[in-house]
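The values are calculated or read from the model by the stated rules, or taken from the named source; none is laboratory data. These numbers were taken from a predicted model, which means no experiment stands behind them. Using ideal geometry, Cβ is built from the backbone for each residue, glycine included, and neighbour counts are taken over all protein chains shown.
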Amino acid sequence: MSAAKPLEGLLVVAMEQAVAAPYCSSRLADAGARVIKVERAEGDFARGYDRVAKGMSSYFVWLNRGKQSLVADIKNPADLALMRAILAKADVFIQNLAPGAATRAGLGSAALREANPRLITVDISGYGERGEYSDMKAYDLLVQAESGLASVTGRPEGPGRVGVSACDIACGMAAHAAVLEALIARGINGLGKGIEVSLFDGMADWMNVPLLFFEGTGRAPERMGLAHPSISPYGAFPTKDASMVLISIQNEREWADFCAHFMLEPELPKRAGFETNVIRVGNRAVVDAYVGEVFMTLTRDEAAARLRVSKTAYGFVNGVAEFSRHPALRRITVETPVGPVAVAAPPAILSDGAREYGPVPGIGSHGEAIRAEFG
């Protein structure tokens, strides 16, 4: 038996594209909300990002399960009237149209809340609703660059892209949390509220440590690849069978155990250049080379065995192929118009049992029923 869903009975309207807004609304759908996804005739452009999920877009399958799809053109008076009829009964309205587009169409958040005081509105943008960047187009990699994320990512040779849509996801997660807070507040005072979340602000929050590091020292954290800028040893080391093992030493007790049981040199912490973390960071090249020599005498399995004995935190540097077979990877199966697709499960495991997840909709597959209901 599937678990009860806490947001059942709530109506969410999402005029959304791509990742950030669909991330937020997908989590509301997972929790039982009815989500009406409003698409243009050609559909959410994320439908066309790739064709790797049995012919469907991996992005779209990931972020649109359990939603209903309505094709509507808000420049068409009849469709605009339909939107207003739906929003009059809605609990949450999410939009990430181009800056100002919703307001120009007569669907501005303040006006909608005035007409429906219980409505919670969510405006998702690239750089916020005000300021000189407010009209800038913003996609994930652009914001990775603008926010400084790319500058602290990658190897010393140059900046790198985080290989997933980190800015979109940060924004969508923040929007989802804010909607849940607003629903709790509405349960107390009966009123909805407006929420604004931008991709830039979502990543700016994640960038607080590099920001404070820079403002405290006058320099940005160095790009270290698979190493840590302020801890040593903390990085990836190759083994003799061409695996990569990443280790993390967090304190001097762990360093002593590592030296005794992995390096097999219990006196190493007393050697000049190896005594404390601050000293080791300043002597990183020598420390890493010395540790690396030991790793190169061991296979992956032999290294793992010694690391377990030394109680050192470690992990293997896996590729996506290894991730797909990882023993900790949990999956759910999502129905799509082209058949079932197995995806990584949502992170939270709930004590009241497993949930059922709705299917991924085809373009406009619920339009007729929605128009009949609200038209």
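Which members of the stretch 213-243 meet the condition of being charged (D, E, K, R) and either modelled with pLDDT of 90 or more or in contact with a strand residue (DSSP E or B) (Cβ under 7 Å, 6 or more places away or on another chain) (or both)?
Listed by number, the residues that qualify are Glu215, Arg219, Lys240, Asp241.
Total residues in the stretch 173-206 satisfying the condition of being in contact with a strand residue (DSSP E or B) (Cβ under 8 Å, 6 or more places away or on another chain) and under 20 Å from Ala98 (Cα atoms): the figure is 8.
Got a sec? Which of Ala289, Ala303 is under 20 Å from Ser243 (Cβ atoms), at pLDDT 95 or above and touching a helix residue (DSSP H, G or I) at 6+ places or on another chain (Cβ under 9 Å)? Please lay out each step first, then the result.
Details: Ala289 fails: touching a helix residue (DSSP H, G or I) at 6+ places or on another chain (Cβ under 9 Å).
When all the criteria are applied, what remains is Ala303.
Return the only residue of Glu254, Glu275, Glu293, Glu322 being at negative phi and either under 31 Å from the mean Cα position of the chain (by Cα) or aromatic (Phe, Trp, Tyr) (or both).
On the way: Glu254 fails: either under 31 Å from the mean Cα position of the chain (by Cα) or aromatic (Phe, Trp, Tyr) (or both); Glu275 fails: either under 31 Å from the mean Cα position of the chain (by Cα) or aromatic (Phe, Trp, Tyr) (or both); Glu293 fails: either under 31 Å from the mean Cα position of the chain (by Cα) or aromatic (Phe, Trp, Tyr) (or both).
Result: Glu322 is the single residue among Glu254, Glu275, Glu293, Glu322 that is at negative phi and either under 31 Å from the mean Cα position of the chain (by Cα) or aromatic (Phe, Trp, Tyr) (or both).
The rows are residues; the columns are (1) modelled with pLDDT of 95 or more; (2) surrounded by 23 or more Cβ atoms within 10 Å (Cβ to Cβ).
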position: Ile124; (1), (2): yes, yes
position: Arg130; (1), (2): no, no
position: Thr153; (1), (2): no, no
position: Pro156; (1), (2): no, no
position: Gly163; (1), (2): no, no
position: Ala177; (1), (2): yes, no
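Of the residues Thr239, Thr276, the single one that is closer than 18 Å to Thr312 by Cβ and surrounded by fewer than 16 Cβ atoms within 10 Å (Cβ to Cβ) is Thr276.
From the list Leu70, Leu63, Leu80, the one residue that fits, being crowded, with 24+ Cβ neighbours inside 10 Å, out of contact with any strand residue (DSSP E or B) (no Cβ under 9 Å at 6 or more places or on another chain) and not aromatic (Phe, Trp, Tyr), is Leu63.
Any idea which of Leu82, Leu97, Leu183 is assigned to a loop (DSSP other than H, G, I, E, B), assigned by TED's automatic domain parsing to the domain that holds Val19, among the hydrophobic types (A, V, I, L, M, F, W, C) and closer than 22 Å to Met15 by Cα?
Details: Leu82 fails: assigned to a loop (DSSP other than H, G, I, E, B); Leu183 fails: assigned to a loop (DSSP other than H, G, I, E, B).
Only one candidate passes the filter, namely Leu97.
All of Phe323, Phe316 fail the test of being surrounded by 14 or more Cβ atoms within 10 Å (Cβ to Cβ) and closer than 29 Å to Pro221 by Cα, apart from Phe316.
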